[in-house]
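Take a look at the structure below.
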Amino acid sequence: MNELSAKLQFFIDLSIIESKIRRRFDARLGINGVGLDDYIILHVLNKAKNHQMERAELAIQAGISTTDLTRKLPKLEKIGLIEPEDSPVDIKKSKIRLTNSGKKVHGYATESAEEKALDLFPYKKNTEIELLIEALNSINGVK
């Protein structure tokens, strides 16, 4: 049997860890009525100029497909966290805006997410976290 390269083993391990972390964050963020994917969408919109963004760019920035984004948006709209600004020409060009309620929920969810991050990394030094961030940014194509 062939052994895996260190790089392939890293990606397998990273995928498994991502799944475990996602479940933990979903459980923690659920108290705010959102899961991790929802929180990431709210977070990206919160950072965006005027708290709004075109659908296609939002999907890219949130790291999900436009199809997955389209599936997730109705729930966020129904509970009043976002509102669409439909474009009659192209749905991908239509904008999504974070509502005032969305900003509040984002703030509460950020507090919960920060607590969970501390739970996951209780003994890690900032320099260790910075090295992990650098490695992940390299994978993500961020310099």
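The values are calculated or read from the model by the stated rules, or taken from the named source; none is laboratory data. Predicted model, so just to flag it, every value in this text is computed and none were measured. All Cβ positions, even for glycine, are placed from backbone atoms using ideal geometry, and neighbour counts span all protein chains on display.
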query = Has the stretch 55-69 got any residue that is under 16 Å from the mean Cα position of the chain (by Cα), assigned to a loop (DSSP other than H, G, I, E, B), β-branched (Val, Ile, Thr) and modelled with pLDDT under 95?
reply = yes
request  = Would you be able to tell me the number of residues in the stretch 29-49 that are more than 14 Å from the chain's Cα centre (by Cα), part of a helix (DSSP H, G or I) and either surrounded by 16 or more Cβ atoms within 10 Å (Cβ to Cβ) or in contact (Cβ under 8 Å) with a residue 60 or more places away in the chain (or both)?
outcome  = 2
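Please pick out the residue among LYS78, LYS72, LYS95 that is surrounded by 15 or more Cβ atoms within 10 Å (Cβ to Cβ) and over 17 Å from the mean Cα position of the chain (by Cα). Spell out the reasoning first.
On the way: LYS78 fails: surrounded by 15 or more Cβ atoms within 10 Å (Cβ to Cβ); LYS72 fails: over 17 Å from the mean Cα position of the chain (by Cα).
Result of the check over LYS78, LYS72, LYS95: LYS95.
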message = Among the residues in the stretch 11-25, are any within 29 Å of PHE121 (Cβ to Cβ) and among the small types (Gly, Ala, Ser)?
response = yes
ask   = Taking the stretch 91-115, which residues are basic (Lys, Arg), touching a residue at least 24 places away in the same chain (Cβ under 8 Å) and within 17 Å of ILE40 (Cα to Cα)?
value = LYS95, ARG97, LYS103
remark   = Counting only residues in the stretch 102-130 that are among the basic types (Lys, Arg) and within 15 Å of ILE17 (Cβ to Cβ), the one farthest from the chain's Cα centre (by Cα) is identified as LYS124
task = Would you check if LEU118 is loosely packed, with under 11 Cβ neighbours inside 10 Å, more than 24 Å from LYS49 (Cα to Cα), without any contact (Cβ under 8 Å) to a residue 60 or more places away in the chain and hydrophobic (A, V, I, L, M, F, W, C)?
result = yes
